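Below is one structure, written out as structure tokens; the observations come after it.
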Amino acid sequence: MATIFYTATSLDGFIADPNNSLDWLFQFGELEPNTFEAFLAGVGAIAMGSTTYQWLYDHLSAEADNPQPWPYLVPTWVFTSRQLPTMANADLRFVSGEVEPIHRAMAIAAGDKNLWIVGGGDLAGQFYDAGLLDELVVQIASVALGGGAPLFPRRVDPPLQLLSAKTYGHHFAELHYRVLRPHG
Ligand SMILES: NC(=O)c1ccc[n+]([C@@H]2O[C@H](COP(=O)([O-])OP(=O)(O)OC[C@H]3O[C@@H](n4cnc5c(N)ncnc54)[C@H](OP(=O)(O)O)[C@@H]3O)[C@@H](O)[C@H]2O)c1
């Protein structure tokens, strides 16, 4: 079981533009080959921050007479200090505060499967700060945004260990890193 921050990013390190839009990413369509399906099959619990949840909620609910279903079957912990709208047929758990107890609950729910930290970057950073982040998988798109939601607003030390670097089509490189702990 590993706790993995898996996300797409711009070349200049933003996971959403200043308007919280992902149009810069969706212009490319699906990655070929699509590694996300295989990744998701190994995920047993999900965590995301409220901006990410609200983005998903808004897009899934965009057509009032034809709402799209929540896409994930495994439980999702949504970090927020606010009351957010929920979704039908979705296992959503709204939480706030320290990540450690949430991580314990996620690990129990996930069994031997992985924990996916969807984002944003600071939430992934909170897991990193607590020594609970094991891996980063970032798909770097060949665009720069000049600003937006940061990929990983942390000082990373010791350096991450690069496990693999792959190319996808003409626009993406995927880097897979292991997080090293300060003392082994
Ligand atoms: N490129 C990609 O593949 C990708 C992946 C993921 C996300 N995204 C996008 O990137 C953007 C990320 O937004 P973001 O940087 O604002 O991050 P976010 O993590 O989605 O949301 C941050 C908010 O979550 C809440 N939160 C975070 N930690 C908390 C804690 N420990 N306890 C309680 N609440 C906590 C806080 O809001 P409140 O307390 O006010 O609710 C905080 O302002 C979104 O637009 C999202 O759609 C892109």
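No value in this document is a laboratory result; all are computed from the given coordinates. Remember, it's a predicted structure, so these values are computed and weren't measured experimentally. We place every Cβ from the backbone using ideal geometry, glycine too, and count neighbours over all the protein chains shown.
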Inset, instruction - Over the stretch 3-178, calculate the relative contact order: mean separation of alpha carbon pairs under 8 Å at least 6 apart, over the residue count, as a percent. - result: 36 percent
Legend entry - Amide proton proximity set for residue 151, modelled H, under 5 Å, gap of 5+: 14, 15
Inset, instruction - Output the peptides 130-140, 37-47, 156-166 sorted from most to least packed, where packing is the average of other Cβ atoms within 10 Å over each peptide's residues. - result: 130-140, 37-47, 156-166
Legend entry - Long-range amide H partners of residue 114 with built H, under 5 Å: 2, 43, 44
Inset, instruction - For residue 49, enumerate residues with amide H under 5 Å from its amide H, sequence gap 5+ or separate chain, H modeled in the peptide plane. - result: 79, 119, 120
Legend entry - Axial C-alpha extent at least 27 Å, average Kyte-Doolittle at least 1.6 - helices from the chain (DSSP): none
Inset, instruction - Per residue of the stretch 29-36, in order, report the coupling 6.51 cos²θ - 1.76 cosθ + 1.60 (Karplus, θ = phi - 60°) as ³J(HN,Hα) in whole Hz, putting x for Gly and Pro. - result: x, 7, 4, 10, x, 7, 8, 5
Legend entry - Cα centroid separation - the stretch 79-109 against the stretch 43-76, whole Å: 13 Å
Legend entry - Spherically averaged projected area in nm², based on the convex hull that wraps the Cα atoms of the stretch 3-178: 10.4 nm²
Inset, instruction - For the stretch 57-164, run through the trypsin sites (Lys or Arg not before Pro) and keep only the ones in DSSP coil with at most 15 other Cβ atoms within 10 Å of their Cβ. - result: 82, 154, 155
